[in-house]
Amino acid sequence: MRPRYLVFVTASAELAEGAQRIAERTGLRLARCTPCFAVLVNEACCCLELDCDGVVLGTLFHRHGPARAIQALGAAERSVLARGGTEALLKSYWGGYLAVRTQGGAVEILRDPSAALPCYRAQADGIAMLASDVELLAMAGGAPEGVDWDALGRMLYSCGLPTIETALGGITTLFPGAAIALKDGAERSLPGWSPWDFVAPNAGEETAATAERLRRVVEQCVAAWASLYRHPLLSLSGGLDSSIVAACLARGGSRATCMTMYTDDPAGDERGFAQTVCTSLGLPLVDARYDLDAVDLGRALGAHLPRPLGRAEAQPYEVAHREAAARIGADAFFTGNGGDNVFGFSQSAVALADRALHEGPGAGAFATLRDICRQTGAGPLRVTRAAVAIARRAPAYHWKPSPAFLHPDLIASLRDLELSHPWLEAPLWALPGRAVHIAGLVRAHPTLESDRSRTAPVVNPLLSQPIIEACLAIPSWQWREGGRDRAMARTAFAERLPATIVERRVKGTPDPFCSEIVRRRRDELRERLMDGQLAAHGILDPGAIEEALRPGRPTASEQNVRLLELVNVEAWATLWSSRRPGTPDRLEHQ
């Protein structure tokens, strides 16, 4: 069961009565009611008491304590948190949580930095509502106002950049790590969590010590999440990231089962690597084929979300995982999602620019140049020129839009759109590689609420706050040592995994399956995209769609990925535009 919660913020005299009515409607229990806010939770969502004016919802772990969730805070811990507030919570604890407390007449809210617990927002009759999902908001009176077509267009153009707005009118989000204060209908930002606080300009230490510290942190975080479940099902590709999670689960004694997906094309068949991992760790492995018959272009992934999620080729993946979980009795889905993002994966020359800016030209920079050339196969002159160009630019990361197949008028209207995010605002002393690393963390956030999360919790342990902070302290060039991507993670787990996995350089890909879908469903794709809601609202360019899907015309892998993204968005938009807003009971505001 996934954690679910509802929070109401209002000074209404009817708050307690209204919250109890909503609790009965939703099946949640009223866990806390103060003069300023009320909290409703389900059985899977813990409500930890801070004091008479504050609670933490969700899952909380001690930063330096045992690898298990906190069931109750002691008097001394509550006292420290009452005095230290948000800063103390972020420093001494981590997890997937939302903290709510009253301070100076305002209700302060903090969302944890890992994005492990969703947080959606709505307003109704002057009452602020925060919830784990849109369904609960709707049942509480914060029903979506329909598809926001302008926001949906911006979302597609922005290429996965997380935003506060969603594609449903009246529904917004709270960013991971963000803190806000609500009072009398007004909102102000508070200091929250920033990745830049963990990026030291002079960071760096011996490789062995860094790797050892990283391994301990990763093992602790995976063990902590695993302690919540009896039988996790781990998505295992046989690549580095998911194999690291498998190694941690096995070492912690978890009764986990691994699952790998494969395509008919050898490029997408990693069963051999997955079996190597499971044999070495003593974990059972099940597999499933990417089945074209399981792809329904009219069905939307992310139908439960206020924004589309994923691409049509992921449907068989979701179906197979749900079926396997039901078959073996799994109570959670674990993934290696976010590994590339936290472990500093890069194929650019940014690490050379960082080292040259930090140390100046010398033996260190030359070693990094050699590492990048070995990893990418590019020549030293090409890498050096690219590094010089990077070093001459401002360090802030520039998010690139994705205009493919969008209508020219929409593209023209969005050319001046600022693609910004609080974490992308780099300080003046920042190195460009740090900005790239942090942008990767931002890129991971929209991918975390897969369809199978409605069946059982989806746990992405590599995105845990302590792991993120440990990785941010590692210089970009150390992630490239020895000409290997994610080098520090490889070194950290060299003794936990088979050498063939630690040294593996090539990733499997479902691209052949994407190509098969486009090739065999070309006519249906063309019809849905050219005659659908996105085209009718001026978001898609029918001419570009028609040209790409012209009979007999080959399509590149990038086009296939985009087309399958767009057809999923079309299915999502069709579904939500056909829904009528509900009229459930609302809290009375006075």
Looking at Ala75, Ala31, which one is under 22 Å from Glu135 (Cα atoms) and open to solvent by 10 Å² or more (accessible area, probe 1.4 Å)? Ala31
Just the residues that are charged (D, E, K, R) and not in a loop (DSSP other than H, G, I, E, B), please, taken from the range 528-553. Arg528, Glu546, Glu547
Positions within the range 402-411 being within 25 Å of the chain's Cα centre (by Cα) and either among the hydroxyl-bearing types (Ser, Thr, Tyr) or open to solvent by 60 Å² or more (accessible area, probe 1.4 Å) (or both), in sequence order: Ser402
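Hey, does the range 412-422 have a residue that's buried (at least 21 other Cβ atoms within 10 Å of the Cβ) and touching a residue at least 12 places away in the same chain (Cβ under 8 Å)? Steps first, answer last, please.
Step one: filter the range 412-422 for residues buried (at least 21 other Cβ atoms within 10 Å of the Cβ), giving none.
No, every residue in the range 412-422 fails to be buried (at least 21 other Cβ atoms within 10 Å of the Cβ) and touching a residue at least 12 places away in the same chain (Cβ under 8 Å).
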Among Pro306, Pro232, which is the only one that is more than 30 Å from Ser158 (Cβ to Cβ) and touching a residue at least 24 places away in the same chain (Cβ under 8 Å)? Pro232
Filtered residue count, the range 141-164, keeping only those that are in contact with a strand residue (DSSP E or B) (Cβ under 6 Å, 6 or more places away or on another chain) and either among the small types (Gly, Ala, Ser) or within 22 Å of Leu190 (Cβ to Cβ) (or both): 4
Taking the options Cys33, Cys47, name whichever one is under 30 Å from Gly253 (Cβ atoms) and of a type outside the set (Gly, Ala, Ser). Cys47
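Would you confirm, using the coordinates I've provided, whether Gly282 is on the phi > 0 side of the Ramachandran plot, surrounded by fewer than 24 Cβ atoms within 10 Å (Cβ to Cβ) and at pLDDT below 95? Break it down stepwise before answering.
Working: on the phi > 0 side of the Ramachandran plot: yes; surrounded by fewer than 24 Cβ atoms within 10 Å (Cβ to Cβ): yes; at pLDDT below 95: no.
No.
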Right, Arg522: farther than 30 Å from Pro422 by Cα, free of Cβ contacts under 8 Å to residues at least 40 places away in the same chain and open to solvent by 20 Å² or more (accessible area, probe 1.4 Å) or not? yes
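How many residues are of a type in the set (D, E, K, R), in contact with an Asp or Glu (Cβ under 9 Å, 6 or more places away or on another chain) and over 25 Å from Ala44 (Cβ atoms) if we restrict to the range 79-121? Outline the logic, then answer.
Narrowing the range 79-121 to residues of a type in the set (D, E, K, R): 83, 87, 91, 101, 108, 111-112, 121.
Still in the list and also in contact with an Asp or Glu (Cβ under 9 Å, 6 or more places away or on another chain): 101.
Checking which are over 25 Å from Ala44 (Cβ atoms) leaves us with none.
The total comes to 0.
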Return the residues of the range 326-379 that are within 26 Å of Ile244 (Cα to Cα) and of a type in the set (D, E, K, R); say none if nothing qualifies. Arg327, Asp331, Asp340, Asp371, Arg374
Residues located in the range 144-167, provided they are part of a loop (DSSP other than H, G, I, E, B) and within 17 Å of the chain's Cα centre (by Cα): Ser158, Cys159, Gly160, Leu161, Pro162, Thr163, Ile164, Thr166
Residues of the range 418-434 being under 18 Å from Ser476 (Cβ atoms) and in contact with a His (Cβ under 9 Å, 6 or more places away or on another chain), in sequence order, are Leu424, Leu431
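Could you tell me which of the residues Tyr290, Tyr262 is hydroxyl-bearing (Ser, Thr, Tyr), buried (at least 24 other Cβ atoms within 10 Å of the Cβ), under 27 Å from Glu516 (Cα atoms) and touching an Asp or Glu at 6+ places or on another chain (Cβ under 8 Å)?
Values: Tyr262 fails: buried (at least 24 other Cβ atoms within 10 Å of the Cβ).
Exactly one residue qualifies, and that residue is Tyr290.
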Out of curiosity, is Glu565 farther than 21 Å from Leu156 by Cα, open to solvent by 10 Å² or more (accessible area, probe 1.4 Å) and under 29 Å from the mean Cα position of the chain (by Cα)? no
Which numbered condition Arg215 misses (of (1) at pLDDT 95 or above; (2) over 20 Å from the mean Cα position of the chain (by Cα); (3) surrounded by fewer than 20 Cβ atoms within 10 Å (Cβ to Cβ)): (3)
Any residue at all in the range 170-177 that is within 30 Å of Pro466 (Cβ to Cβ), surrounded by fewer than 16 Cβ atoms within 10 Å (Cβ to Cβ) and touching a Leu at 6+ places or on another chain (Cβ under 8 Å)? no
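So which residues in the range 178-189 are in contact with a Ser or Thr (Cβ under 7 Å, 6 or more places away or on another chain) and either part of a helix (DSSP H, G or I) or of a type in the set (Gly, Ala, Ser) (or both)? Talk me through it step by step, then tell me what you get.
Let us first name the residues in the range 178-189 that are in contact with a Ser or Thr (Cβ under 7 Å, 6 or more places away or on another chain), namely 179-180.
Of everything in the range 178-189, just one residue is in contact with a Ser or Thr (Cβ under 7 Å, 6 or more places away or on another chain) and either part of a helix (DSSP H, G or I) or of a type in the set (Gly, Ala, Ser) (or both), namely Ala179.
The values are calculated or read from the model by the stated rules, or taken from the named source; none is laboratory data. Since we're looking at a predicted model, the values are computed, not measured. Please note: Cβ atoms are built from the backbone with ideal geometry, for glycine as well, and neighbour counts cover all protein chains shown. Note: accessible area is taken over every heavy atom of the protein model, side chains too, but ligands, DNA and RNA are not part of it. Shrake-Rupley method; radii C 1.70, N 1.55, O 1.52, S 1.80 Å.
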